[in-house]
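Working notes, beginning with the structure itself.
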């Protein structure tokens, strides 16, 4: 029995040795296989394999729902004097005072704003009264000028219809009267001469009476000549001058009405503009006072949450802090200055900067493994929540949501982040350096020929080739530029 076992063992060893012996020294009944072709110097073969899309980056913890205490005044003008401030980097409770400022300057500005508002309202009341009084005055003035214009027009019409002809007729009557007086004087003289011849009168009396009649006749003739000259002048000049004066007066009435309408239109616009300006002044004064009153809460800044108060602000994944004396009582600060940030321990997000060549791998909701640099024994599962649409400095900012984390972790702490973006199986692969700007150099019959290729994903060492190359072809390890 033992001999049979020993024989079986010897045969087994012999079979094993013959099976795994070097092909160069061992006979084989199998047909000979083709040996692999050696790669030309400086070249590498295009091979198939799996490409693991793994992203390893450093990340920074950033605050989630942090409260930034700043003197975000809306109406107050001037510096703010600190009268009380919390110690930096200390825990705070909801409602604790972070910063308190002296409100004296604010109170003075509120009183001044109230006075401005009262003045603006008084100006508005006056402008509204001026608007009504002006409208009433315009109505009266327009009526008076319209009536005057109508009177001027009627006077001209009366002149043309009646007065001019009446005046001319009056002049003719005056001329006829003058002629009548002359004729009467002549008749009287003739009768006197006849009478003195028949009556027995002394020559002295006759001479006296005749001379007197002659003088009367001369005077009447002189008056008639003057009257004729006056009538001629009136007909040829004064009648036309009187009419022209009436024409000018009527035209002036029309002009005065038109000028009044233009002036009143301008005055109405100015009064309305003044009322609008006064109304706007009231609105601005009310808004100014309202902004100042809303600023009252700024003079005592309280924490809305439990957390840790840090002197400074968190910007671009880093803290910008300032020394304790900056917020010491008695110090003065410009309005809208960022003062204190209250962060809530354990409530954090993670920010990473993903290179452009890898940004296409990640999607919203993808999981990541996070190991804090300060507590490497801990790890968390994060989820991609936000991807920046544009790059900064060649990298895309990506935010990850975290579960509740160690309360000792604060914004600014670093971490290692690993994101498994999957695997591309059976991909054609070449070294990253073998492709430059979409072109590889293929070894053909001892010569290097350029060829355009379509590349896919890359893990930083190997690049997927989606087209342009075949498996087994040789490409230069370092593509020509």
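Any read-out appearing in this document is the output of simple, stated calculations on the displayed coordinates, not a laboratory observation. Everything numeric in this text was worked out from a predicted model, so none of it was measured. As a convention, Cβ positions derive from the backbone with ideal geometry for all residues, glycine included, and neighbour counts pool all protein chains shown.
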Tell me the angle of helix 104-158 to the major Cα principal axis of the chain, expressed in degrees between 0 and 90 and rounded to the nearest ten.
40
Full-extension gain between residue 254 and residue 218, please, as 0.36 nm times their residue separation minus the C-alpha to C-alpha distance.
7.8 nm
Between residue 230 and residue 207, what is the label-point separation in nm under the 7 Å Cα-to-beta-carbon projection?
3.6
Once the Cα gyration tensor of the chain is diagonalised, what are the square roots of 5 times its eigenvalues, in whole Å and ordered largest first, as equivalent ellipsoid semi-axes?
126, 42, 16
Starting with the fewest neighbours, write out 67, 230 ranked by other beta-carbon atoms found within 10 Å of each beta-carbon.
230, 67
How far is the Cα center of the range 271-343 from the Cα center of the range 385-414, in Å?
29
Pulled fully out, how much extra length does the chain show between residue 147 and residue 115, if you take 0.36 nm times their separation in residues and subtract their Cα-Cα distance?
6.7 nm
Using the Cα atoms of the range 106-295, I'd like the radius of gyration and the largest Cα-Cα distance, Dmax, both in angstrom.
38.7, 131
How high is the FRET efficiency from residue 41 to residue 363, r the C-beta distance, R0 41 Å, rounded to 0.05?
0.45
Report the calculated FRET efficiency for residue 408 and residue 325 (r = Cβ-Cβ distance, R0 = 22 Å), to the nearest 0.05.
0.20
Given only helices, namely DSSP H runs of n ≥ 4 each adding -39500 (n - 2.57), what is the per-residue ellipticity at 222 nm of the chain, to the nearest 500 deg cm²/dmol?
-15000 deg cm²/dmol
Could you give the length gained on full extension between residue 175 and residue 466, defined as 0.36 nm per residue of separation minus the Cα-Cα distance, in nm?
91.8 nm
Between residue 104 and residue 133, what FRET efficiency comes out of the Förster formula 1/(1 + (r/R0)^6) with R0 = 60 Å and r the beta carbon distance, rounded to 0.05?
0.85
